[in-house]
Amino acid sequence: MYDVAIIGAGINGTAVAFELTQAGKRVALFDKGGIAAGGSGAAGAFISPKFSKSGALKEILHHSFLYSMAFYEKHFPQHFLKSPLLHIAKDEKDDATLLHYKAETPLELLPFKDETRESVSINAGIVNAKQMCEALASEAHLHQEEIRTLRRENGVWILNENYRAEHIVIATGAYEQLLQEPYIKLRGVWGHRVDLKTTTNNPLSLHQEVSISPSNDGVVAVGATHDVHYHPQKTTTPYDYEAGREILLSRASRTISLEDVVIIKDYVGLRSGSFDYMPMVGSLVNAKETLLDNSINFYTKKPDFSAYSYYKNLTMINGSGGYGFVLAPYLAKILSAYILEEKEISSKLLPARFFARYAKRV
Ligand SMILES: Cc1cc2nc3c(=O)[nH]c(=O)nc-3n(C[C@H](O)[C@H](O)[C@H](O)COP(=O)(O)OP(=O)(O)OC[C@H]3O[C@@H](n4cnc5c(N)ncnc54)[C@H](O)[C@@H]3O)c2cc1C
């Protein structure tokens with residue numbers, strides 16, 4: 001019997017495993033492909049804030065950026081590289097956004113500049129994606145197994161008719177959802193990045209059309225593409241690696257001229273985005289049961305999430321889009337505090353916000 005069973009061993013699942021094992025809980029971690037087999041294994045994984053003017057996503061990414069930089073450095077410095085980042089505007093509109101960002105940001109600005117476009121430079125970081133997930137998961141019991149069934153009996157969750165746990169955390173990314181709740185819709189955005197060898201030395205993390213890592217023994221990482229049409233579970237057509245590489249190299253060439261390029265390795269995977277771009281963290285509403293409750297007014301502008309019926313001791317963490325490694329330590333802390341101490345989660349993060357919209361429609 002486990003205290004918590006986490007399904008999905010990407011950065012979200014493993015970050016939650018870290019928090020809960022640190023708190024002394026007995027944690028099982030399930031993944032059909034092993035650690036970082038999904039989107040997390042493909043990530044760069046650059047730790048940076050969102051260089052936009054305003055909005056809830058910018059806010060949470062700012063806090064998560066500060067939190068994750070300190071978290072990775074404190075707990076896993078061996079899998080984390082602190083490196084200056086030069087973020088360069090893509091076009092005129094972006095020039096204005098970056099000017100605004102620089103005027104407002106409390107972050108320390110570094111002197112690196114681009115000659116042709118507006119740019120901003122700060123201290124940022126890069127995570128070794130797979131090694132970081134492995135390190136975060138090291139105290140959990142790992143099972144390389146797909147979870148196909150989940151049911152509750154006598155106050156306990158039963159997974160695959162074989163494992164028992166008090167709590168369940170679903171961290172399955174953009175891959176097929178275990179609990180088919182109609183209001184949970186995730187956008188899978190396919191991404192491709194490469195490690196390549198080049199004689200060009202790059203001292204900084206560069207972000208423009210794509211991100212380019214600093215050189216490490218002549219190797220740089222370049223990523224990533226954003227393809228909303230390709231989904232490995234929805235097509236039988238194999239992914240076209242050559243076309244993906246061409247896109248990456250042509251976009252990178254806008255920022256830096258990379259000489260004598262030899263591709264060493266391709267990484268591909270799905271990002272998982274929500275429809276308001278904010279992550280989803282917290283309990284899951286049982287839509288069928290909640291809709292049967294005639295005492296709830298679903299048409300109100302200010303829905304009362306506490307009136308809904310929820311799956312008992314079952315939460316999710318998902319929808320991190322292209323910022324999973326920035327968000328995960330912060331979100332895992334929030335989710336663990338909820339599981340361990342029932343600490344409230346902001347309504348901006350709760351999956352219930354999507355149920356409220358769905359219930360109005362149906
Ligand atoms: C090419 C690329 C580059 C990226 N670059 C960056 C970056 O620079 N910085 C950044 O912060 N983010 C980056 N991201 C985004 C980041 O990788 C994602 O936000 C993050 O991986 C999401 O993590 P996750 O744990 O939610 O999902 P995933 O990593 O996809 O993990 C979900 C896991 O669940 C498992 N699973 C699903 N269903 C089941 C089941 N029924 N039973 C058992 N296991 C199951 C899957 O095998 C998978 O391993 C990038 C993503 C891509 C694709």
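Checking each residue in the stretch 276-315 for being within 16 Å of the ligand (Cβ to nearest atom), open to solvent by less than 60 Å² (accessible area, probe 1.4 Å) and touching a helix residue (DSSP H, G or I) at 6+ places or on another chain (Cβ under 9 Å) picks out ASP276, MET278, PRO279, MET280, VAL281, GLY282, LEU284, THR315. Checking each residue in the stretch 119-149 for being within 11 Å of the ligand (Cβ to nearest atom) and without any contact (Cβ under 8 Å) to a residue 60 or more places away in the chain picks out ARG148, THR149. Within the stretch 36-53, the set of residues being of a type in the set (A, V, I, L, M) and crowded, with 22+ Cβ neighbours inside 10 Å comprises ALA36, ALA42, ALA43, ALA45, ILE47. Please go through the stretch 185-202 and give me each residue that is open to solvent by less than 40 Å² (accessible area, probe 1.4 Å) and at pLDDT 95 or above, ordered by number. Correct list: VAL189, TRP190, GLY191, HIS192, ARG193, VAL194, ASP195, LEU196, THR198, THR200, ASN202.
Assessment of the stretch 22-32 against the conditions (open to solvent by 60 Å² or more (accessible area, probe 1.4 Å), modelled with pLDDT of 95 or more, farther than 24 Å from ALA224 by Cα and within 9 Å of the ligand (Cβ to nearest atom)) yields at least one matching residue. Against the numbered list (1) modelled with pLDDT of 95 or more; (2) outside any strand (DSSP E or B); (3) surrounded by fewer than 20 Cβ atoms within 10 Å (Cβ to Cβ), GLU176 comes up short only at (1).
Counting only strands (runs of 3 or more DSSP E) wholly contained in the stretch 54-147, the ones carrying 3 or more residues that are surrounded by 21 or more Cβ atoms within 10 Å (Cβ to Cβ) occupy 80-88, 119-127. Do the conditions hold for ALA17, that is, is it touching a residue at least 24 places away in the same chain (Cβ under 8 Å), in a helix (DSSP H, G or I), more than 23 Å from LEU206 (Cα to Cα) and among the small types (Gly, Ala, Ser)? It is true that ALA17 is touching a residue at least 24 places away in the same chain (Cβ under 8 Å), in a helix (DSSP H, G or I), more than 23 Å from LEU206 (Cα to Cα) and among the small types (Gly, Ala, Ser).
Of the residues that sit in the stretch 156-173 and are farther than 30 Å from GLU73 by Cβ and touching a residue at least 40 places away in the same chain (Cβ under 8 Å), which one is most open to solvent (accessible area, probe 1.4 Å)? Taking the candidates together, the pick is ARG164.
The values are calculated or read from the model by the stated rules, or taken from the named source; none is laboratory data. This one's a predicted model, so the numbers in the text were calculated from it and none came from an experiment. Positions of Cβ are generated from backbone atoms using ideal geometry, with glycine treated the same way; all protein chains shown enter the neighbour counts. We work out accessible area using only protein heavy atoms, side chains counted, and drop any ligands, DNA or RNA first. Shrake-Rupley method; radii C 1.70, N 1.55, O 1.52, S 1.80 Å.
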